[in-house]
1. In the stretch 69-178, what chymotrypsin sites (Phe, Trp or Tyr not before Pro) fall in a loop by DSSP, with at most 16 other Cβ atoms inside 10 Å?
2. Only sites in a loop by DSSP and with at most 13 other Cβ atoms within 10 Å count here; which chymotrypsin sites (Phe, Trp or Tyr not before Pro) in the stretch 223-274 make the cut?
3. A 22 angstrom limit on the alpha carbon distance is what I want to check against. Which of Lys40/Lys193; Lys193/Lys226; Lys40/Lys202; Lys202/Lys240 exceed it?
4. Run the 1.4 Å probe and let me know the accessible area of Lys62, rounded to the nearest 10 Å².
5. Projecting each Cα onto the charge dipole of the stretch 146-224 (Lys/Arg +1, Asp/Glu -1 at the beta carbon, about the Cα centre), which of Leu205, Phe218, Ala169 comes out farthest on the positive side?
6. Quick one: if the Förster radius is 35 Å, what FRET efficiency do Asp168 and Glu270 give, using the C-beta to C-beta distance and rounding to 0.05?
7. Where Lys and Arg each count +1 and Asp and Glu each count -1, what net charge lies around Phe228 among other residues with Cβ under 11 Å from its Cβ?
8. Taking only C-alpha pairs under 8 Å that are 6+ residues apart, what is the relative contact order of the stretch 188-283 in percent?
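The values are calculated or read from the model by the stated rules, or taken from the named source; none is laboratory data. Just so it is clear, the structure is predicted and the values come from calculations on it, not from any experiment. Glycine gets a Cβ as well: all are built from the backbone with ideal geometry, and neighbour counts include every protein chain shown. Side chains are part of the model used for accessible areas, which takes the heavy atoms of the whole protein and leaves out ligands, DNA and RNA. Shrake-Rupley method; radii C 1.70, N 1.55, O 1.52, S 1.80 Å.
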Amino acid sequence: MKTTNFLKMAILAVPLMLASCGSKKKVIEAPTPKVVNMEKDSFLEKVNSNAQQTKFITSKVKFSVEAGAQDITLTGNLKMKRDDVIRLQLMAFGFVEAARLEFTKDYVLIMDRINKQYLKAPYMHIDFLRNSGLNFYTLQALFWNELFQPNKSALTDEDLTKFQTNTDAEDVIITFEDGKIDYSWLAGQSNGKLKMANILYKDRLNGNTQLNWDYSNFVPMESNNKQFPNDMNVILTTPKKEVKLGMKLNYIKHESEWETRTEISNKYREVTIDEILQRFMAL
């Protein structure tokens, strides 16, 4: 595969991931015997208590992308600082940084290192982010394996009362509705560990879109012994396209000595979101 095509496939995953997703494993279709309030509150507190307390999470990543007949695997780095930044660095040939994806509270940055191009825009200026209700805190919760509600950096006891819970054999389904968007999670009943997150954006005119994020291979963190998923698998579907993403984390650390903002060289050319999407959708 040519280097340019390799890079397109690598970056393709992120704009689509932020747009939508679909999965045959729909959390919302499971049986619905409700958990009584006392049990519900206790269980949601258990789920919420699994959230990591560390400020930084860094890791090597094996990243796979499958879109139609195209299937690639590449390596990279994941660097996160809570309530500040999520960064993915994608490597070509194992040692050359081909692309950088950076999410802060204020903007999304997508850098094409090979072709010296970049996109930097606020979340609200990107239609699919705005329409799907996705912002920094939503992405942070997905990457950190946590419950969330729109535009909230952390959940209070009052926020937890707004979730609905239903049992399904050994697991509990957690749901939350916000206008056209339905959120649902699947959590282990015994330990409150989140196994799946699902976001459904309902659009009668253009068709529904979904994002389904699976978690597995949990291991204890060195900093606090809390469990964290080493494997994350995402299935993304728009009415026209489906993309599958896989992230395998290795050597999870808590490195703090790194620059949390990327400086853009004047050698890079800024492109619009329409230019980026036009190229990606043509794949």
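1. Phe93, Phe95, Tyr107
2. Loop-located and lightly packed - Trp258.
3. Over 22 Å apart, Cα to Cα: Lys40/Lys202.
4. Looks like 110 Å² after rounding.
5. Leu205
6. Efficiency for this residue pair is about 0.15.
7. -1
8. Details: 111 pairs, mean separation 15.5, N = 96.
Relative contact order, the stretch 188-283: 16 percent.
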